[in-house]
Amino acid sequence: MIVYEGEASFRQTPTLYRTWARRGQQPEIPTRSERHTQKILGALSVPQGDFVWRHQAEYFNAETYLSFVDEELLPNYYRRNHRVYLTQDNASFNKKPEVLRYFAKHQRHIEAFSLPPYSLDFNAAERL
């Protein structure tokens, strides 16, 4: 079973970029003066396209990541005698010692692969 995992944060802070208003009348956007961010961990299987996710209030860290893997990902994707091959990004918490120990301990059920580091070399395509 091949599974891709990722995480995303969605800020719920209104911003004013461009708008129309009468001259001299500043537009107002009512807010609660609070910042909220919605955080989602998700995993998608290939080729079935099954999707599991978790909404969380805390920041992403090794503990929340392993909790997602243990409580959502493995129960939904692991099948007896069929290892889960997990592709993950290069989030810093994916490289923490406790995460590496978890995958070493559960290698019979899951094997994790990290994507290559992202490159900010915008001229790479021109050299090809």
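Among beta bridges identified by DSSP and lying wholly in the chain, the antiparallel ones come to about 70 percent. Rounded to the nearest Hz, the phi-derived 3J(HN,Hα) couplings of the range 57-72 under the Karplus curve 6.51 cos²θ - 1.76 cosθ + 1.60 (θ = phi - 60°) are 8, 6, 6, 6, 7, 4, 5, 5, 5, 5, 4, 5, 4, 6, 9, 10, where x marks glycine and proline.
Taking amide H positions as modeled 1.01 Å from N, with prolines and chain starts lacking one, the residues under 5 Å from ILE110 and 5 or more places away or on another chain are VAL84. Could you compute the net charge surrounding LEU115? Neighbours are other residues with a C-beta less than 15 Å from the C-beta of LEU115; K and R count +1, D and E count -1. Value of the local net charge: -3. Return a whole-number percent for the relative contact order of the chain, with Cα pairs under 8 Å and 6 or more residues apart as the contact set. With pairs under 8 Å counted, the relative contact order is 25 percent. Distance between the 7 Å Cα→Cβ label points at ASP50 and PHE113: 2.0 nm. Taking amide H atoms as placed 1.01 Å from N in the peptide plane, the amide H of ASP50 lies under 5 Å from those of SER45, each 5 or more residues away in sequence or on another chain. Here are several values of Rg/Rh (Cα atoms, Kirkwood Rh): [x] 1.15; [y] 1.06; [z] 0.91. Which one was derived from the coordinates shown? From the options [x] 1.15; [y] 1.06; [z] 0.91, the structure gives [x].
Every number here is computed from the coordinates shown, using simple stated rules; none is lab data. In this text, all values refer to a predicted model and were calculated from it rather than measured experimentally. Don't worry about glycine lacking a Cβ; one is built from the backbone with ideal geometry, like all the others, and counts go over all protein chains shown.
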